[in-house]
Amino acid sequence: MLLGISNGLVIGMGLGVVFFGLICIIILITIMGKVINLLVKDKPAEPVKAAPVMAPAPAASTNEIPNRPEFVAAVSAAIAEELGTDINKIQIVSIKKI
């Protein structure tokens, strides 16, 4: 033993310093939170206005997919990524809206 310091004392001091530091951090955060709450004036929340009810736009067809080329490109890219292959090796025969 060097200078009569035991291993238990070193471990105990280390744990004590860590927990003392954590307790100090908790106290500082609590104090800072209270100070900031005093400085910031809370405004009462305005009531949320309901959105006006609008009639849905008539759909041309139930099976029509808007922006079909973009949709096909996105589906192709997702399938190619999942399979780990090139997008040129994928052939999509049909896409149906469910």
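What follows is calculated from the coordinates using simple rules that are stated; it is not laboratory data. Only a predicted model underlies this, so the values are computations on that prediction, with no experimental measurement involved.
Annotations
- What the phi angles of the range 76-92 give under the Karplus curve with 6.51, -1.76 and 1.60, with θ = phi - 60°, is a coupling list of 4, 5, 5, 5, 5, 5, 5, 7, x, 10, 7, 5, 6, 8, 9, 10, 8 Hz, glycine and proline written as x.
- For the range 16-28, 3J(HN,Hα) per residue [Karplus equation, 6.51 cos²θ - 1.76 cosθ + 1.60, θ = phi - 60°, Hz, x = Gly/Pro]: x, 5, 4, 5, 4, x, 5, 5, 5, 5, 4, 5, 5
- Shape category assigned to the range 1-41 from the gyration tensor of Cα positions, a/c cut at 1.5: prolate
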